[in-house]
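Contents: one structure, followed by commentary.
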Amino acid sequence: MIVIHKDNLTTERILNALLRRVNNFPHQLAWFSSMLFRPQEISSLNMWNGIHSGKRCFILGNGPSLAEMNISLLRDELTFGLNRIYLLFEEQRFTTNYFVSINDLVLQQSVKQISALRIPKFINWRARGQYGRSPDIYYLLERYHPGFCSTPKFGVWGGATVTFVALELAYFMGFQTVILVGVDHSFSTQGPPHKVVAATEMDFNHFHPKYFADGTLWQLPDLKTSEYAYRLARKAFEADGRQVLDATIGGKLDIFPKVDFNSLF
């Protein structure tokens, strides 16, 4: 199944979607071969199964609203950071408990910075050649069949946003309540979903002006597919008696129940 909405249906998008699946096939073979011949690498994911059962966590998106928040309130909370969240670490003297990234361009262009993070990192299996083996790296096989993946052993669906992957991991870890912050779900830069563009001098789409800037390559968002993914996440959590809340300041996402950030402390 390929999630391409009718108003975005073009021959180019269909061909690119098929090409991604073809290119990913060798990585799938390598993943399942590792399950047979080096099972310890894949089974290491199992240590996270239910480890935070009944607790709450925060997933930090990378939207501009994140810069408006009092991040110090999260110092004693369990948190996930995404993609280039390390730019926040440098400014706020704050580090999330976990890091997640599956975007090829982010991983390719930020190897040094991501490798330097001293927290558990969940990154795309396709990047294993650049990141190698490390006790704090846990690889995720990206699959292209849409669906909410409750266990990463057999892969995760990207849902057109790394936030969705973090939701899959939070579910796997057993969190009872997951709270989104900085998930603005709004971009000033417009264009075809997934199109690769070179960043300009300043970035107005993220919490840091240099998040994507000065020629950095990035992909334009696919908000409709991410909304489809978020609905899957809400359904999965609620079916298990759990919940996802949205505490983003001024966020445009309308999938999850809204909650005031400051009321949570």
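Just so you know, all these numbers are worked out from the coordinates, no wet-lab data involved. Values in this document were obtained by computation on a predicted structure and should not be read as measured data. All Cβ positions, even for glycine, are placed from backbone atoms using ideal geometry, and neighbour counts span all protein chains on display.
How high is the relative contact order of the stretch 8-264, in percent, with contacts defined as C-alpha pairs under 8 Å that are six or more residues apart? Over the stretch 8-264, the number comes to 21 percent. Rounded, prolate or oblate: which fits the stretch 8-264, taking a ≥ b ≥ c as square roots of the Cα gyration tensor eigenvalues, rounded meaning a/c under 1.5, else prolate when a/b beats b/c? Because its axes are fairly even, with a/c under 1.5, the stretch 8-264 counts as rounded. Over all other residues within a Cβ to Cβ distance under 15 Å of GLY174, the charged ones net out to +1, with Lys and Arg as +1 and Asp and Glu as -1. In terms of its C-alpha gyration tensor, the stretch 63-180 has an oblate overall shape, because the principal axis ratio a/c (a ≥ b ≥ c, square roots of the eigenvalues) is not below 1.5 and a/b does not outweigh b/c.
Judged by the ratio a/c of the largest to the smallest principal axis of the C-alpha gyration tensor, the stretch 183-265 counts as oblate, that ratio being 1.5 or greater while a/b is no larger than b/c.
Computed extension length for SER150-SER134: 3.3 nm, one decimal, from 0.36 nm per residue of separation with the Cα-Cα distance subtracted. Of all aspartates and glutamates in the structure, the ones whose alpha carbon falls short of 19 Å from that of LYS224, not counting any fewer than 8 places away in one chain, are ASP7, GLU12, GLU168, ASP184, ASP246, ASP254.
For the stretch 8-264, what is the percent of antiparallel DSSP beta bridges, rounded to the nearest 5? It would help to have the intermediate numbers written out before the result.
Details: 3 of 29 bridges.
The antiparallel fraction comes to roughly 10 percent.
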